[in-house]
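FYI, it's all coordinate maths here, none of it is from the lab. Quantities reported herein were computed from a predicted structural model and do not represent experimental measurements. With ideal geometry, Cβ positions are generated from the backbone for all residues, glycine too; neighbour counts draw on all protein chains shown.
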Amino acid sequence: MAFRDDVRRIRAIAWKDLTTERRSKAGFNSVAALGVTILVLFGFALGPDAQALRDAAAGALWLSALFAGVLAFNRSYQVELESGALDQLLQYPGPRWVIYVGKLIANSLFVGLMLIIVIAVGIALFQVSIPAAWPSLLGVFALGAVGLVVLGTFYAAMASRSRAREVLLPLLLFPMLVPVLLAAISASKALLVGDMMHEAGAWIKLLGAYDLIFFVATLWAFEYVIEV
Amino acid sequence: MVTSKSELAIEAQGVARRFGARWVLRGVSLQLEPGEIVGLLGANGSGKTTLLRIFGTLLKPTAGTALIYGHDVARETDAVRSELGFLAHTPGLYDDLTARENLKFGAMMLGLPAGNNLDAALERVGLGHVINERVRGFSAGMQRRLALARLLLRHARVLLLDEPYSNLDTAGIALMNEIITEAGNAGGAALVVLHELAPAAGVLDRTITIENGRVADSRPAPVPRLRPRTAERAAAGAGGGR
C-alpha cells in the first residue's frame, strides 16, 4: 500500500513538472535553442575542414547537451522555489526519494527531447554519416543522457538551497560528470568511425556502471540534500 | 492517521535555533492541548516563523525538542507530517497549473483516493468559478484561498498558520476563522502567527508572545473563543431564562 502511494507521488511530481514545463514553453525553447547555438559555435570554431568536424562531432554534441542541460536542471527547481512551493512539497508525507525520482523522470523526458534536436542538428552540421551500428549509438546516447540527468537533478537540488545556485550548479556538477562524459564521448566517437578497434563495448559497459552507481548513490543521498 | 503518543498536541522544550552566529530562538518552551487555538505574537524577527517552521518539519532545532502529538519533529518527520496542515506566508502554488490541478497534485501527494471531491473544497473557499483557470492570473487573496482549500484536503489534527489573514478580504477572514474554529471544535490544535489580534477576535483561546527568541508572555485571549461545551451551556442558560 505504501509503495503504491509512493508510485502515485512519483507520477504526480513527474506530471506536475511536465505540465508546467509544457505550458510555460519558455523553458524548453530556451534550453533547446542554447544546445543548438553551442553546437553552431563549435562548428564555427572548428572551421570548414569536414574531417575535423567529423572527428569533433561526438565531443561537441555531448558538451552542447551538457551546457543546455544545466539550464534545464536549474529550471526544474526554479518552479519549486517560486512562491515557496518547495516548502509545501516537503510538507507532504512519504519518503524524499519519490521527489527525486519524479523529477528524474520529468528531466529525462525533457533532456531526451532536447538531445534529439541537438543530435539532428549535429548530424547535419558536422556532416556525420549514420553508422551501421546505429542501435548501439542510440544506446550510448540513452545511457549518457541518464548519467547526465541523474547527476544534474541531484546537484540542482543541492544548489537550489543556495542564492548563487546558477553558478554553484556547474561548479558542483561538471567535475562529477567527467567519467560519464569521457565514457559517452569515447563510445560515441568509436561508433561514429566504425569501431575498428572494438573499444565501444568497454566504454558502454563503463557508462552503464557509472549510471548505476550514481543512481543508487544519489537516490540514497537525496534526503540529506533536500532537507535542511 | 498515526496513533497518538502524547496527550499534548504541540509541545516545545527549550527549542533553540541558530542561523550562522545569530540565535533566533533561545530556548522556547510551550504546550498546546488538543482543541486549543493559540495566537503567536511578537515583533518582526522575534522568531515566530522560525518556531512554526520547526514544528512544520521545515527546519531542525539547533537544541531542544519539539513534538507534535508526541512525535519528535526532527526524527519522526513522516508521522509528524501526516498530522500537520501548514499554511506558510507564501502560498506555495504552481502558477502554470489550474486551481483544480493544484489541488489534484496535493491530493495525489497526500495519497487521497482519486474520487476525492476537489471541487467541493474549491467551492467552499469561494473559488468555484475559477476551477479551470491557471493560478498565474489569480490575485494574492485568491491564491491564499486556494492554499486554504489545499489545507482542507489534509484533515489535519494540527494547524500551523503563518499570518493566515494577509491578503484576505473580510469574507476571506471570516472563512479563515470558520476553518480554524472548526478545527478547534473537532479537537484539533492550531498555532497561528499573527501581527495583530483584531482579525482573530473570538477565535483564539490564548496568546503567546515571543521576544528575542524566548516566550515573554502567555495569557488568555482578550476576546476568548466560545468552546462547544461553553456554547452549549450558554445556549441552555439562555433557553432556561425564557
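Given springs between every Cα pair under 10 Å in a Gaussian network model of chain A, which of A:R22, A:R75, A:R11 has the largest fluctuation? In the Gaussian network model the winner is A:R22. A Förster distance of 60 Å, applied to the separation of the beta-carbon atoms of B:A120 and A:L171, puts the FRET efficiency at 0.80. Between amide H atoms placed 1.01 Å from N, distances below 5 Å from B:G64 occur with B:A16, all of them 5 or more places distant or on a separate chain. Between B:V223 and B:D169, the contour length at 0.36 nm per residue exceeds the alpha carbon distance by 17.3 nm. A compact globular protein would have a Cα radius of gyration near 2.2 N^0.38 Å; the ratio found for region A:97-168 is 1.37. Residue-wise HN-Hα couplings along region B:81-88, as the Karplus relation 6.51 cos²θ - 1.76 cosθ + 1.60 with θ = phi - 60° gives them from phi, are 5, 6, 9, 9, x, 10, 10, 7 Hz; Gly and Pro carry x.
Across region A:1-53 the C-alpha pair distances fall into 10 Å bins from zero in the proportions 21, 24, 20, 18, 12, 5, 0 percent. Taking only Cα atoms and a 10 Å spring cutoff, compute GNM fluctuations for chain B and point out the largest among B:G172, B:G106, B:G213. Taking springs between Cα atoms under 10 Å, the residue moving most is B:G106. Straight-line cross-link partners of A:K189 among the lysines, defined as a Cα under 19 Å from its Cα and at least 8 positions apart when in the same chain: A:K205. Over region B:94-215, the alpha carbon radius of gyration divided by the compact-protein estimate 2.2 N^0.38 Å works out to 1.12. Dividing the convex hull volume of the alpha-carbon atoms in the protein assembly as shown by its residue count gives 166 Å³ per residue. For the peptides A:186-192, A:197-203, A:44-50, residues were scored by their other Cβ atoms within 10 Å and the scores averaged per peptide; the highest-first order is A:186-192, A:197-203, A:44-50. Dividing the summed -39500 (n - 2.57) terms of all DSSP H runs of n ≥ 4 by the residue count of chain B sets its mean residue ellipticity at 222 nm at -9500 deg cm²/dmol. Per-residue Karplus couplings for region B:135-151, computed as 6.51 cos²θ - 1.76 cosθ + 1.60 with θ equal to phi - 60°, are listed in order as 5, 3, x, 7, 6, 4, x, 5, 5, 5, 5, 5, 4, 5, 4, 5, 5 Hz, Gly and Pro entered as x. Once the mean of 1/r is taken over each pair of separate Cα atoms and inverted, region B:95-155 shows a Kirkwood hydrodynamic radius of 11.2 Å. In region B:14-159, the C-alpha radius of gyration followed by the widest Cα-Cα span (Dmax) gives 17.1, 50 angstrom. Here's how it looks for B:T207: its modeled amide H is under 5 Å from those of B:G39, B:R219, B:A221, which are all 5 or more places away or on a different chain. Summarising the overall dimensions of region A:87-228 from its C-alpha atoms, the Rg and Dmax are 17.0, 55 angstrom. 3J(HN,Hα) along region B:206-220, derived from phi through the Karplus expression 6.51 cos²θ - 1.76 cosθ + 1.60 where θ = phi - 60°, amounts to 8, 10, 10, 10, 9, 9, 6, x, 10, 6, 9, 7, 9, 8, x Hz, with x in place of Gly and Pro.
In region B:157-221, how does Rg compare with the Kirkwood Rh, expressed as the Rg/Rh ratio over alpha carbon atoms? My calculation puts Rg/Rh at 0.96.
Hydrodynamic radius of region A:157-228 by the Kirkwood approach over all distinct alpha-carbon pairs: 14.1 Å.
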